[in-house]
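Peer 1: Quick one: this structure, given as structure tokens, is what I'll be asking you about.
The values are calculated or read from the model by the stated rules, or taken from the named source; none is laboratory data. Quick caveat: nothing in here was measured; it's all calculated off a predicted structure. Positions of Cβ are backbone-derived with ideal geometry, glycine not excepted, and every protein chain shown enters the neighbour counts. Heavy atoms of the whole protein, side chains included, go into the accessibility calculation; ligands, DNA and RNA do not. Shrake-Rupley method; radii C 1.70, N 1.55, O 1.52, S 1.80 Å.
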Amino acid sequence: MEYEAKSIEDLKAVAGEFLRLFGQREAKSTATVIGLSGNLGTGKTSFTKYVAELLGITEVITSPTFILEKIYDIPEGSTLGSRFTKLIHIDAYRLEGGDEMAPLGWEAILGEPHNLVFLEWPEQVVSALPQDIDTILFEYVSESVRKITMKEYGKK
């Protein structure tokens with residue numbers, strides 16, 4: 001599915017659509033990993049911020065570029081709150097391979113079905129990714145326009 005975001009309101013609407021579509025999918029027996037790909041400044045962290053807001057997370061969402069990982073509790077009763085208890089936001093921009101995910105407790109994160117993981121720069125850690133990762137591609141169209149393409153695992 002492809003969307004065009006020309007404003008913050010548009011990006012929030014895309015985040016809402018993501019949650020709506022995602023809520024229709026069956027639960028998994030492992031963590032759900034969503035790869036967020038795109039150049040710097042294309043909206044990956046902003047998208048995560050709006051998804052978190054819609055999930056009822058009240059903490060300030062910022063890029064985990066320098067600390068690599070931030071973990072947020074998803075309030076019970078919120079959208080997808082019965083399915084997921086944690087939103088884990090990882091920025092792999094500075095990593096140089098999948099083995100560098102180990103210190104984050106990556107295997108334990110993947111083993112927990114109540115984890116919703118947003119992974120920025122998944123192409124940096126391909127060898128550590130589960131086979132069923134979904135990807136959202138953020139592309140710069142112009143200063144005020146971003147193209148957002150959601151690719152569900154196994155679909156072109």
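Peer 1: With the other protein chains left in place, how much accessible area per residue, in square angstrom, belongs to segment 6-126 at a 1.4 angstrom probe?
Peer 2: So segment 6-126 comes to 48 Å² accessible per residue, rounded to a whole number.
Peer 1: Let me ask another. Please say if segment 51-114 is rounded, prolate or oblate, where rounded means a/c under 1.5 for a ≥ b ≥ c the square roots of the C-alpha gyration tensor eigenvalues, and otherwise the choice is prolate for a/b larger than b/c and oblate otherwise?
Peer 2: Cα axes put segment 51-114 in the oblate bin.
Peer 1: What accessible area, in Å² to the nearest ten, does a 1.4 Å probe give for residue 12?
Peer 2: The value for residue 12 is about 80 Å².
Peer 1: Treating only the Cβ of Lys, Arg, Asp and Glu as charged (+1, +1, -1, -1), what charge dipole size does the chain show about its Cα centre? Round to the nearest 20 debye.
Peer 2: In total the dipole reaches around 360 debye.
Peer 1: Rounded if a/c is under 1.5, else prolate if a/b beats b/c, else oblate: with a ≥ b ≥ c from the C-alpha gyration tensor eigenvalues square-rooted, which is segment 103-151?
Peer 2: prolate
Peer 1: Ignoring everything except DSSP H segments at least 4 long, calculate the 222 nm mean residue ellipticity for the chain; use -39,500 (n - 2.57) per segment, divide by total residues, nearest 500.
Peer 2: Calculated at 222 nm, the ellipticity per residue is -6500 deg cm²/dmol.
Peer 1: Another question, if that's okay. Report the accessible area of residue 127, computed with a 1.4 Å probe over the heavy atoms of all protein chains in place, in Å² rounded to the nearest 10.
Peer 2: Surface accessible to solvent at residue 127 totals approximately 100 Å².
Peer 1: Next question. Would you work out the relative contact order for the chain, in percent, from Cα pairs under 8 angstrom that are 6 or more residues apart?
Peer 2: 33 percent
Peer 1: Ignoring everything but the protein chains, give the 1.4 Å probe accessible area of residue 58 in square angstrom, nearest 10.
Peer 2: Spelled out: residue 58, probe radius 1.4 Å, area about 130 Å².
Peer 1: So for each of 112-123, 18-29 I average, over its residues, the number of other beta carbons within 10 Å; can you give me the resulting order with the highest mean first?
Peer 2: Packing proxy ranking, top to bottom: 112-123, 18-29.
Peer 1: How much length is gained on full extension from residue 83 to residue 96, taking 0.36 nm per residue of separation minus their Cα-Cα distance?
Peer 2: Between residue 83 and residue 96, full extension yields 1.5 nm more.
Peer 1: Could you tell me what percent of the accessible area of the chain is made up of carbon and sulfur, with a 1.4 Å probe and every protein chain present? Please report the intermediate quantities before stating the final value.
Peer 2: On the way: 4250 of 8190 Å².
Here it works out to 52 percent.
Peer 1: Right, next: Where both residues lie in the chain, what percent of DSSP beta bridges are antiparallel, nearest 5?
Peer 2: Of those bridges, close to 50 percent are antiparallel.
Peer 1: Please give me, ordered by residue number, the GluC sites (Glu not before Pro) of segment 52-93 that lie in loop per DSSP and have at most 15 other Cβ atoms within 10 Å.
Peer 2: 59, 76
Peer 1: Does segment 1-106 come out rounded, prolate or oblate, given a ≥ b ≥ c as the square roots of the eigenvalues of its C-alpha gyration tensor, rounded meaning a/c under 1.5 and, failing that, prolate meaning a/b above b/c?
Peer 2: It comes out oblate by the Cα gyration axes.
Peer 1: Related question: Can you count the Lys pairs in the chain whose Cα atoms are under 20 Å apart, with each pair 8 or more apart or on different chains?
Peer 2: 21
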